[in-house]
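Participant: Okay, handing you the structure first.
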Amino acid sequence: MRLQYQNIARLPAIMLAIAAILNSNPASADSGSGHLMHTDRPDGHAPIGVMAEHIHREGETMFSYRFMHMAMDGNRNGSTRITDANVLTEFMITPTQMDMQMHMLGAMHSVNDRLTLMGMVPVVQIDMDHVTRAGGSFTTRASGVGDVQLSGLFKLFERPGHQVHSGFGVSVPTGSIDKRDDTPAGPDQKLPYPMQLGSGTYDVLPTLTYNGQTMHWSWGAQASAVLRVGHNDENYTLGDVGNFTFWGARRIGERVSASLRVGAKSWGNIDGADPELPAPTAMIVPTADPNRRGGDRIDLAAGINVLGTHGKTAGHRLAIEVGLPVYQHLDGPQLETDWTVSFGWQFTPETR
């Protein structure tokens, strides 16, 4: 059953209602630790697969590097896995697998205790393998800078053991939407939508995040979206995206924590079409069909955070998270996700 956008839209209101209840009764918000939120502990940040999930104290700066790998193998139509032969009865070409690697450089700086500014620059590489009805095979590749993200995170309230903040960001269309490669149709062909590095539009990025802590446990939830604005220069708009995720983590000593996270994602089909990918092209390969790009997915992810606490390691945090889909429903045929892994390094210099 498809996740409904109106249900995702209700999540921020629910989280704000919880925040209002906690804010109206500070005693009930006291976790027993006697402190406000602590980021200087291994579970002081959310799992590395969640972004814009924490804010900083006044004057703090954090630098980060994330590496994400997503592996897709085989096609799915709705919730049913289908074979390459099934796809080739309708199309002349089918993708068989795709690997996407993303390197993301980020920085956060807190203007004051309530406002943190954030920027992220992604570098992306995508490889997609195909087979043809005639029995041939080929691979297309695209790489370069993706869409840069700029955001502001604003603390709504904080009580002992509880914090809620909102975020408002903009995705700047720095990623290419004109990537080309050699295909059986000829050299330097326009690549289909999944092989492009950006959206081509200025996208709005709202978030709402709740974090909770006790002495040995932490948990949180985040609702976020990607809202596309207008059509790009190629006369199409990628589908809007809705995300909701929640997680729990347990401290294992002073330096290590382990986490478990569930994430739900829903994304729409493309509005419009690239003039270089007209209807006849969409009948050749499903990745060129704007009406076969939407879907829903629920993931389960496990992670570990390691915090440096002494000497030269102080302020450094290493994290890894591995995710597997437990549910997928795709407007296919469309490549399904097999697994994802995220690795990250975060560094917060000491403030004096």
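Here, each number is a calculation from the coordinates, and none is a lab measurement. Treat the numbers as computed from the prediction; the structure is a model and nothing was measured. Counting neighbours? That spans all protein chains shown, and the Cβs are built from the backbone with ideal geometry, glycine included.
Participant: FRET efficiency for Asp99 and Phe343, Cβ-Cβ distance as r, R0 = 25 Å, nearest 0.05?
Facilitator: On the way: r = 15 Å, r/R0 = 0.62.
Taking R0 as 25 Å, the efficiency between Asp99 and Phe343 is 0.95.
Participant: Next up: If each of Ala71 and Ala134 carries a label point 7 Å out from its Cα toward its Cβ, how far apart are those two points in nm?
Facilitator: Each label point lies 7 Å from its Cα, and together they span 3.2 nm.
Participant: Also, quick follow-up: Could you tell me the center-to-center distance, by alpha carbons, between the stretch 201-232 and the stretch 235-292 in angstrom?
Facilitator: Each part reduced to its Cα centre gives a spacing of 14 Å.
Participant: Next question, about the same structure. Determine the relative contact order of the stretch 5-347: mean sequence separation of Cα pairs under 8 Å and six or more apart, normalised by residue count, in whole percent. Intermediate results must be reported in sequence, preceding the final value.
Facilitator: Values: 962 pairs, mean separation 67.5, N = 343.
Normalised by residue count, the contact order of the stretch 5-347 is 20 percent.
Participant: A further question on this structure: Please determine, in degrees from 0 to 90 and to the nearest 10, the orientation of helix 5-24 with respect to the longest principal axis defined by the Cα atoms of the chain, where the helix direction is its Cα long axis.
Facilitator: Approximately 0 degrees, to the nearest 10.
Participant: Would you mind checking the radius of gyration and Dmax of the stretch 174-232 based on alpha-carbon positions, in Å?
Facilitator: Using the Cα atoms of the stretch 174-232, the pair Rg, Dmax is 19.5, 62 Å.
Participant: Something else: Over the alpha-carbon set of the stretch 109-248, divide Rg by the Kirkwood Rh and report the Rg/Rh ratio to two decimals.
Facilitator: On the way: Rg = 20.0 Å, Rh = 17.8 Å.
A ratio of 1.12.
Participant: Now for a separate question. Neighbour counts of other C-beta atoms within 10 Å: give me Lys312, Lys155 arranged from fewest to most. Working shown, then result.
Facilitator: Working: Lys312 7, Lys155 17.
Exposure proxy ranking, most exposed first: Lys312, Lys155.
Participant: Treat the count of other C-beta atoms within 10 Å as a stand-in for reagent exposure and order Trp219, Trp339 from fewest to most.
Facilitator: Details: Trp219 18, Trp339 15.
Ranking Trp219, Trp339 by Cβ neighbours within 10 Å, fewest first, gives Trp339, Trp219.
Participant: Now a separate question. Express the Stokes-Einstein translational diffusion coefficient of the chain in µm² s⁻¹, to the nearest whole number, given a Kirkwood radius over alpha-carbon pairs, 37 °C and a viscosity of 0.692 mPa s. Please report the intermediate quantities before stating the final value.
Facilitator: Numbers: Rh = 21.5 Å.
For these conditions, the coefficient is 153 µm²/s.
Participant: For the chain, modelled as a GNM with alpha-carbon contacts under 10 angstrom, which of Ala319, Ala71, Ala46 fluctuates the most?
Facilitator: Ala71
Participant: Could you work out how far apart the two model spin labels at Val262 and Thr83 are, taking each label as a point 7 Å from the Cα in the direction of the beta carbon, and quote it in nm?
Facilitator: For the pair Val262/Thr83, the computed spacing is 3.5 nm.
Participant: List, in order, the whole-Hz ³J(HN,Hα) value for each residue of the stretch 147-163 obtained from phi through the Karplus relation with A = 6.51, B = -1.76, C = 1.60 and θ = phi - 60°; use x for Gly and Pro.
Facilitator: 7, 6, 10, 10, 9, x, 10, 10, 6, 7, 6, 9, 10, x, x, 9, 8
Participant: Now a separate question. Grab the other residues whose beta carbon is less than 13 angstrom from that of Arg41, score K and R as +1, D and E as -1, and report the net. Kindly include the intermediate steps, with their values, before the conclusion.
Facilitator: Details: positive: Arg250, Arg251, Arg255, Arg317; negative: Asp40, Asp43, Glu254.
Neighbour charge sum, excluding Arg41 itself: +1.
Participant: Go ahead and set up a Gaussian network model of the chain, Cα springs under 10 Å, then flag whichever of Pro275, Pro325, Pro47 fluctuates most.
Facilitator: Maximum among the listed residues: Pro275.
Participant: A further question on this structure: For the stretch 231-332, report the convex hull volume of the alpha-carbon atoms normalised per residue, in Å³, without decimals.
Facilitator: On the way: hull volume 14.8 nm³, N = 102.
Roughly 145 Å³ of hull volume per residue.
Participant: When only DSSP loop residues count, what GluC sites (Glu not before Pro) in the stretch 185-277 have their Cβ near at most 12 other Cβ atoms within 10 Å? List each step's numbers first, then the result.
Facilitator: Values: sites: Glu234, Glu254, Glu276; in loops: Glu234, Glu254, Glu276.
Taking the stretch 185-277 and a limit of 12 other Cβ atoms within 10 Å, the loop GluC sites (Glu not before Pro) found are Glu254.
Participant: Given the options Asn305, Asn211, Asn86, which has the most mean-square fluctuation in a GNM of the chain, springs set between C-alpha atoms less than 10 angstrom apart?
Facilitator: Most flexible of the set in this elastic network: Asn86.
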